[in-house]
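As structure tokens, the structure follows; a few thoughts come after it.
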Amino acid sequence: MLRNKRNQLTDAETHGAERGLDRFEGFSDAVFAIALTLLIVEIKVPGSPEGAHGYSDLARAMAEQWREFLALVLCYVVIGAYWLQHHYTGRIYAKTDHWFGTINLLFILAIIVIPYPIRVWCFHLGTGFEPVASVTLVTGLALTASAWMSKWFYAMPGRRLMDERLAPDFLQQMTRRYGAATLVQIAAVPLVIVAPRIGVAIALLCVAFFLLPQPAPRYKPGEEPNEAEKSNK
């Protein structure tokens, strides 16, 4: 009876059909690729029907599009940072279930939508609408971080979907890293109301932090994956 109770405390129930990660990661990677590819489509070439008109200097006309290029760079950095973490967690998650896939759909929605608040901020930087645009951007980043963290918190209890071979201290370390970054981005929302540029800077720095290499996964003694498993992750 004590053993059964202990199992209930350490093993969380999954929901729906459990599946491997191949199709899950393939779908997510495809969405990331499309989101990144479409960024350049938003920038119209000067002289096209949708582009700038009445210019006499092509170099100047392109320079006047700096807001669009800034939006392109920021969108690429934000989406790219989350793709790197998505790629990294392929070594941490071991399987999926119904609710994990559902939460991932919400996260993917956030990735698809995030270029909008970024472009709003870039196009209103330095104008009277910058405070509202800043709140829009930081809120969008906080929601994206929260969706990402929701996947982690769902998979973590009882190692519901985590690789059971991972060392407990490693998972605790990553929970602190992801959790701290998410909390800072959420805290930046009220801050951006009173200090727009400071709030935006803090939120973007949190995202940029995850462009850096994350700790190598650590495993329980004697349970490290072999080279074949590592190469397939």
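Under 6 Å by Cβ, and 6 or more places apart or on different chains, what pairs join a residue from the range 97-112 that is in contact (Cβ under 8 Å) with a residue 24 or more places away in the chain and outside any helix (DSSP H, G or I) with one that is open to solvent by 20 Å² or more (accessible area, probe 1.4 Å) and not acidic (Asp, Glu)?
Asp97/Thr14; Asp97/His15; Asp97/Gly16
Please verify whether Trp83 is touching a residue at least 40 places away in the same chain (Cβ under 8 Å), more than 23 Å from Thr37 (Cβ to Cβ) and open to solvent by 50 Å² or more (accessible area, probe 1.4 Å), treating the condition exactly as stated. Steps first, answer last, please.
Details: touching a residue at least 40 places away in the same chain (Cβ under 8 Å): yes; more than 23 Å from Thr37 (Cβ to Cβ): no; open to solvent by 50 Å² or more (accessible area, probe 1.4 Å): yes.
For Trp83, the condition - touching a residue at least 40 places away in the same chain (Cβ under 8 Å), more than 23 Å from Thr37 (Cβ to Cβ) and open to solvent by 50 Å² or more (accessible area, probe 1.4 Å) - is not met.
Tell me yes or no: at least one residue of the range 62-74 is open to solvent by less than 50 Å² (accessible area, probe 1.4 Å), within 30 Å of Met174 (Cβ to Cβ) and of a type in the set (Gly, Ala, Ser).
no
Taking only the range 197-222 into account, find how many residues are open to solvent by 70 Å² or more (accessible area, probe 1.4 Å), free of Cβ contacts under 8 Å to residues at least 24 places away in the same chain and over 22 Å from His86 (Cα atoms).
Selection size over the range 197-222: 3.
(1) part of a helix (DSSP H, G or I); (2) open to solvent by 50 Å² or more (accessible area, probe 1.4 Å): which one isn't true of Glu164, the others all being true?
All conditions pass for Glu164, except number (1).
Only one of these is in contact with a helix residue (DSSP H, G or I) (Cβ under 6 Å, 6 or more places away or on another chain), part of a helix (DSSP H, G or I) and open to solvent by 10 Å² or more (accessible area, probe 1.4 Å): Phe153, Phe123. Name it. Break it down into steps so the answer makes sense when it comes.
Numbers: Phe153 fails: in contact with a helix residue (DSSP H, G or I) (Cβ under 6 Å, 6 or more places away or on another chain).
Result: Phe123 is the single residue among Phe153, Phe123 that is in contact with a helix residue (DSSP H, G or I) (Cβ under 6 Å, 6 or more places away or on another chain), part of a helix (DSSP H, G or I) and open to solvent by 10 Å² or more (accessible area, probe 1.4 Å).
Is it true that some residue in the range 178-191 is modelled with pLDDT of 95 or more, open to solvent by 40 Å² or more (accessible area, probe 1.4 Å) and assigned to a loop (DSSP other than H, G, I, E, B)?
No: the range 178-191 contains no residue that is modelled with pLDDT of 95 or more, open to solvent by 40 Å² or more (accessible area, probe 1.4 Å) and assigned to a loop (DSSP other than H, G, I, E, B).
Kindly list the number of the only condition in (1) of a type in the set (Phe, Trp, Tyr); (2) within 19 Å of the chain's Cα centre (by Cα); (3) farther than 19 Å from Gly20 by Cα that fails for Phe123.
(2)
Being part of a helix (DSSP H, G or I) and within 22 Å of Ile43 (Cβ to Cβ) is the filter here, so list the residues in the range 126-140 that pass it.
Hits for the range 126-140 are Glu130, Ala133, Thr136, Leu137, Gly140.
Counting only residues that are in a helix (DSSP H, G or I) and small (Gly, Ala, Ser), which one in the range 192-213 is nearest to the chain's Cα centre (by Cα)?
My answer is Ala208.
The values are calculated or read from the model by the stated rules, or taken from the named source; none is laboratory data. Computed from a prediction, not measured in an experiment: that's the story for all the values here. Cβ atoms come from the backbone with ideal geometry, glycine included; neighbour counts cover every protein chain shown. Please note that ligands, DNA and RNA were not included when accessible areas were found on the heavy atoms of the full protein model with its side chains. Shrake-Rupley method; radii C 1.70, N 1.55, O 1.52, S 1.80 Å.
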